[in-house]
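Each remark here refers to the structure printed beneath this line.
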Amino acid sequence: MALSNESIKKRINVAAKRVEADLVIKNGYVVDVFNQEILQADVAIVNGCIVGIGQYEGKTVIDAKNQYICPAFIDGHVHIESSMVTPSEFAKVVLPHGVTTIIADPHEIANVSGVEGIRFMLDTSDNLPLHVFFMLPSCVPATPFENAGAHLLADDLAPFYQHPRVLGLGEVMDYPSVLHGKQQMLDKISSAHHFGKKIDGHAAGLHNHAIDVYTSVGIKTDHEAVTASEAKERLQKGMYLIIRQGSVAKDLPNLISIVTERNARRCLFGTDDKHIDDLIEEGSIDHHVRLAIEYGIDSITAITMASLNAAECYGLVGKGAIAPGYDADILILDDLEKIKINKVFSGGKLVVETGKLTTEIVSKQTNMLGNSVRINQFSKRNLKIPLTNKTQANIIEIIPNSLVTKHVIEEVEVEDGYFIPSLQKDQLKMAVIERHKLTGNIGLGIVKGLRLKKGAIATTIAHDSHNLIVTGTNDDDIMFAIDSITNIGGGLIVVCDNQILAQLPLAIGGILSELDYKTVFQQLSKINQALISLGASNLFNPFLTLSFLALPVIPQLKLTDLGLFNVQTFQHIGIQAGN
């Protein structure tokens, strides 16, 4: 934002102690992220900007005696849509956790509604105390091996680069298109460079020369490392390492050992995909910081990773530090090790005190996207999986709390030439149904590891194309779940014996709720109780796990509306092993 002469003069006069500051935080211990040390000093603030560190007087004074003053946290990579609430409701949840800035990628809503979805996210995130920046979705659809609700080209994205809160091109997950120089991908990358923007990576399962391919074209971040060796390799190649700890992918414990005094400045944190209940109960980036400290990272280093590192990674000049000329996005902590947040300031305004919002955030409840669940009529016959008697099948086996799956081959139960689910073997039927363009596509598969003992679950959150995905123990409940979720316009639903046990309607694109976050949280709690009644494990989130089983850019085996997909070979395969 351009500064007027009057604003500049006022900053100078306050910094020079000729006039009082608007606000002074006195007597606190300031976390210096540049020298990695603590100093006792006042913090002087004018018009939302820090102008002095030392001894200052102000019109308003806050005493931070025995407390710590540190920069507010930045989420380096997040999909707001995964919280299932709108940006304004999302802000109400993460601000009490010390997060005042996020780097969001709206590719979830874009896969459903294209440019209208991006506009929706930009419009509904405007004028919030949470600073919401965006990376434009690079892969809509994620791959050519599925059907999404939109197809975005470089020309569709280019006008958005003029928006002041658009920082660049979001996670490039279609590595084969980069490797083989596909024209549409080249156009998107070159357009981002033309506008001087950043480019995010998505290097799931990629090693050695594949990382070189990414970094050689200016892709400089990755949040998909799942092992310490992968993390080190990305750092060696000059990438920023975004350490992820979300609702499904909990990578921080596996990666944090790679962080040292020498490389910590290239590491930051991101939640990626996190449900609203986990954000409320566990936290956001504050949880990353606490967890990193528990694993032995110095508290100042962890805070730096959560603030300055993220700001510098994305070119957010003026964010990420307690220093003159920096935005007054500030936390006051009661405890530096436990990251106990007492107050949160965004742009110099107190927005949270002792865990409660002190400012009103008006929700923009406008659903401009309309009904997005459009499915051709079909019957249980369409759910049948033909197999030879006593056959072996290609099966998706989930890995709890991971986006990665296993490709296993096992004996399955067959009756009259068709697969039937087996509770004993934990083999369930699964379907992905195209819901955007009435194609009639139905991808069928077998999933192992969800542990349901009865009933079925369905959702219209199925990364990244967000088709309808359903799994269950029998065709009757699967069919009932499909019909029921279509009737409510998308969302999450748990059924058993032709009865709805719990549901969460998501009227905005089938992935976002029009309701306030507290109501969404209550309905999710009922869903979690219903899942337990079906025998689901409480060691991982069944719905989040299910939603990623349709993502054909994360190894090893996934299911799209076009069928079973081998991510290692990037091709569809048959369900019967050997086909």
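None of the figures in this text is laboratory data; all of them are computed from the coordinates on show. Just so we're clear, the structure is a prediction, and the values are computed from it rather than from any experiment. Backbone-built Cβ (ideal geometry, glycine too); neighbour counts: all protein chains shown.
For the range 1-35, the list of trypsin sites (Lys or Arg not before Pro) that fall in a loop by DSSP and count at most 16 other C-beta atoms within 10 angstrom reads Lys17, Arg18. When both the range 30-66 and the range 428-461 are represented by their alpha-carbon centers, they are found 54 Å apart. Each Cα pair under 8 Å and six or more residues apart adds its sequence gap; the mean of these over the residue count of the chain is a relative contact order of 15 percent.
Within 10 Å of each candidate Cβ there may be at most 15 other Cβ atoms; applying that plus a DSSP loop requirement, which trypsin sites (Lys or Arg not before Pro) in the range 116-185 survive? It would help to have the intermediate numbers written out before the result.
Details: sites: Arg119, Arg165, Lys182; in loops: Arg165, Lys182.
Here the sparse-neighbourhood loop sites are Arg165, Lys182.
Report the one residue of Val43, Leu428, Ile446 whose Cα lies farthest in the direction of the positive end of the charge dipole of the chain (charges on C-beta: Lys and Arg +1, Asp and Glu -1; origin at the Cα centre). The residue sitting most towards the positive pole is Val43.
Rounded is the label for the range 259-349, because the ratio a/c of its alpha-carbon gyration tensor axes (a ≥ b ≥ c) stays below 1.5. Taking amide hydrogens as placed 1.01 Å from N in the peptide plane, the amide H of Gly52 sits under 5 Å from those of Ala44, each at least 5 positions away in sequence or on another chain. Neighbour counts of other Cβ atoms within 10 Å put Arg374, Arg265 in the fewest-to-most order Arg374, Arg265.
For the range 148-155, putting each phi into the Karplus relation 6.51 cos²θ - 1.76 cosθ + 1.60 with θ = phi - 60° gives couplings of 9, x, 8, 9, 9, 9, 4, 5 Hz, in residue order, rounded to whole numbers and with x for Gly and Pro.
Label separation (Lys182 vs Asn538): 4.3 nm, computed from points 7 Å beyond Cα along the C-beta direction.
Looking at the range 50-96, the trypsin sites (Lys or Arg not before Pro) that sit in a DSSP loop and have at most 12 other Cβ atoms within 10 Å of their own Cβ are Lys65.
In this structure, the amide hydrogen of Glu410, modeled 1.01 Å from its nitrogen in the peptide plane, lies closer than 5 angstrom to those of Ala393, Ile395, counting only residues at least 5 positions away or on a different chain. Under the criterion of Cα pairs below 8 Å and six or more residues apart, the relative contact order for the range 445-579 equals 22 percent. Normalised by the number of residues in the range 72-315, the mean separation of alpha-carbon contacts (under 8 Å, six or more apart) gives a relative contact order of 21 percent.
Calculate for the chain the 222 nm mean residue ellipticity that helices alone would give, adding -39,500 (n - 2.57) per DSSP H run of length 4 or more and normalising by residue count, nearest 500 deg cm²/dmol. Working shown, then result.
Numbers: 16 runs with 144 residues, N = 579.
Helix-only estimate at 222 nm: -7000 deg cm²/dmol.
Panel order for Thr459, Thr388, by other beta carbons found within 10 Å of each beta carbon, from fewest to most: Thr388, Thr459. Seen through its C-alpha gyration tensor, with square-root eigenvalues sorted a ≥ b ≥ c, the range 72-315 comes out oblate because a/c lies at 1.5 or above while a/b is not bigger than b/c. Here the Karplus relation 6.51 cos²θ - 1.76 cosθ + 1.60, evaluated at θ = phi - 60°, turns the backbone of the range 563-569 into coupling constants of x, 5, 10, 8, 6, 5, 9 Hz, with x for every Gly and Pro.
Beta bridges from DSSP with both residues in the range 72-315: antiparallel share about 5 percent, rounded to the nearest 5.
The H on the amide N of Tyr240, modeled in the peptide plane, is under 5 Å from the matching H of Thr221, Asp222, each at least 5 residues off or on a different chain. Which of Lys437/Lys558; Lys343/Lys526; Lys250/Lys429; Lys518/Lys558; Lys197/Lys319 have a Cα-Cα distance over 29 Å? With Cα atoms farther than 29 Å apart: Lys343/Lys526; Lys518/Lys558. Counting beta carbons within 10 Å around each of Val24, Val408 and listing the fewest first gives the order Val408, Val24. Derived scalar couplings between HN and Hα for the range 306-319 equal 8, 9, 4, 4, 5, 4, 6, 4, 9, x, 8, 4, x, 10 Hz in order, rounded to whole Hz, by the Karplus curve 6.51 cos²θ - 1.76 cosθ + 1.60 (θ = phi - 60°), x for Gly and Pro.
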